[in-house]
Amino acid sequence: MSEIVLTKLNKHYGGMHHAVRNIDLTIGDKEFITLVGPSGCGKSTTLRMIAGLEEITSGEIRIGGTLVNHLPPRDRDVAMVFQNYALYQHMSVFDNLAFGLRNKKVPEAEIKKAIRNAADILGLGELMQRKPRQLSGGQQQRVALGRCIVRNPKVFLFDEPLSNLDAKLRIQMRVEIKRLRARVPTTSVFVTHDQVEAMTLGDRVVVMKDGYIQQCGTPLQVYGEPANKFVAGFIGSPSMNFFEVGIHAQDGELIAQTPFLRARVSERYKAALAAWNGRTVILGVRPEHLRVNASDVDPIGKVEIEVIEQLGSEILLETRAGDLSMTVARVNPQLPVAAGDVIQLSVPSDQLHFFDPETESAIR
């Protein structure tokens, strides 16, 4: 078993900066967790404390039931893939893969067997005698992954390993990591600032901000049921649209309204929003849930198109109604629209999200 348990984990840098704040998190055996958030949110610091590369200010870290707070990195049985690959430039690929095992005095026959296995998994067979400078970025990252595989550790730790790759290679390497996960199911923690990586790779996604965990859940949970306005705006591309609306009762319905837009509150939110009758809340709508000139969905209002972004497979529209601006995504690329056109927007009422304007927590 290689379960990771973080209990009341804190990290202070001097007396000024509290980087990680009271983190409680259990990562199951063979589970793949992604830590995601903006720069400075504490995700890499958390990972480095698990690895033993950062001292813990307070709290506990247990790996496989063993308290590892004061164990050096070499005794934690974890393997880490870094952003910059961290390969030995003067060594061949084979020697890079063998280095850690040779330091542990593993017999050469076992080393060769482990390297053959890693090479087969990652397609490194033809690269064994090359030096890192002779490899592409994607090949170097596969070697870095291979160096972890040959060690057969309890835990894989990934510190933004794809951030130095171009967009195409990042997609390819995401697929490689998914394949690796299927063939070598090991408890894994993956740090990224890219929410697409977090959503596509993680069994669960941990969203962080200012050192705190904002939400931990499956990709569908953090997308469909965000815990607060920050998570709602961070997860999803393009970002969720937000605006203040007044809640009022009308003919047995609850209505969310601005001077320019009007939306009916679904049964899902009626009970929770009844207490907000006559008050203001924050309404969130994902760009991909807005529909243009649809006759089968509740209309919310008319907007003017300001900017059109043609992406080939879809159109992105930047629109405005009075002082409200909204992004509309996944629009049919064949739709005959032009800047200055006025269009009717609709959205299914169960795709609306509501947030407390003071705490920014979701209203359930």
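Structure notes:
- Some residue of the range 335-343 being of a type in the set (A, V, I, L, M), under 24 Å from GLY224 (Cβ atoms) and part of a strand (DSSP E or B): no
- Options ARG130, ARG62, ARG151; residue that is within 25 Å of the chain's Cα centre (by Cα) and touching a residue at least 12 places away in the same chain (Cβ under 8 Å): ARG62
- The listed residues are SER92, SER136, and the only one of them that is modelled with pLDDT of 90 or more and hydroxyl-bearing (Ser, Thr, Tyr) turns out to be SER92.
- Residue in the range 182-189 that is surrounded by 24 or more Cβ atoms within 10 Å (Cβ to Cβ), in contact (Cβ under 8 Å) with a residue 24 or more places away in the chain and either touching a strand residue (DSSP E or B) at 6+ places or on another chain (Cβ under 7 Å) or in the same structural domain as VAL81 (by TED's automatic domain parsing) (or both) present: yes
- Here LYS229 fulfils each of the conditions (1) out of contact with any strand residue (DSSP E or B) (no Cβ under 7 Å at 6 or more places or on another chain); (2) closer than 28 Å to ASP350 by Cβ; (3) modelled with pLDDT of 95 or more apart from (1).
- Restricting the range 190-234 to residues that are more than 30 Å from ALA118 (Cα to Cα) and touching a Ser or Thr at 6+ places or on another chain (Cβ under 6 Å), the residue that is surrounded by the fewest Cβ atoms within 10 Å (Cβ to Cβ): GLY233
- Some residue of the range 67-82 being within 22 Å of LEU145 (Cα to Cα), among the charged types (D, E, K, R) and modelled with pLDDT under 90: yes
- Of the strands (runs of 3 or more DSSP E) that lie entirely inside the range 200-266, those containing 2 or more residues that are among the aliphatic types (A, V, I, L, M) and at negative phi span 204-209, 241-250, 253-257.
- With respect to the stated conditions, LEU47 is assigned to a helix (DSSP H, G or I), of a type in the set (A, V, I, L, M, F, W, C), in the same structural domain as GLN195 (by TED's automatic domain parsing) and under 29 Å from SER239 (Cα atoms).
- Test for MET91: is it closer than 20 Å to PHE156 by Cα and assigned by TED's automatic domain parsing to the domain that holds GLY146: no
- Subset of the range 10-32 (residues that are closer than 24 Å to LYS229 by Cα, out of contact with any Leu (no Cβ under 8 Å at 6 or more places or on another chain) and either outside the structural domain of VAL184 (by TED's automatic domain parsing) or among the aliphatic types (A, V, I, L, M) (or both)): ALA19
- The range 12-21: number of residues that are under 20 Å from ILE63 (Cα atoms) and either free of Cβ contacts under 8 Å to residues at least 60 places away in the same chain or of a type in the set (Asp, Glu) (or both): 0
- Subset of the range 307-331 (residues that are surrounded by 11 or more Cβ atoms within 10 Å (Cβ to Cβ) and part of a loop (DSSP other than H, G, I, E, B)): LEU311, GLU314, GLY322
- If you go through the range 92-123 and keep only what is farther than 22 Å from LEU165 by Cα and assigned to a loop (DSSP other than H, G, I, E, B), you end up with LYS104, LYS105, VAL106, PRO107.
- Where ARG262 falls short, out of the listed (1) of a type in the set (D, E, K, R); (2) surrounded by 15 or more Cβ atoms within 10 Å (Cβ to Cβ); (3) in the same structural domain as SER58 (by TED's automatic domain parsing): (3)
The values are calculated or read from the model by the stated rules, or taken from the named source; none is laboratory data. Not measured: the values here are computed from a predicted model. A quick note on method: Cβ atoms are made from the backbone with ideal geometry, for glycine too, and the neighbour counts reach across all protein chains shown.
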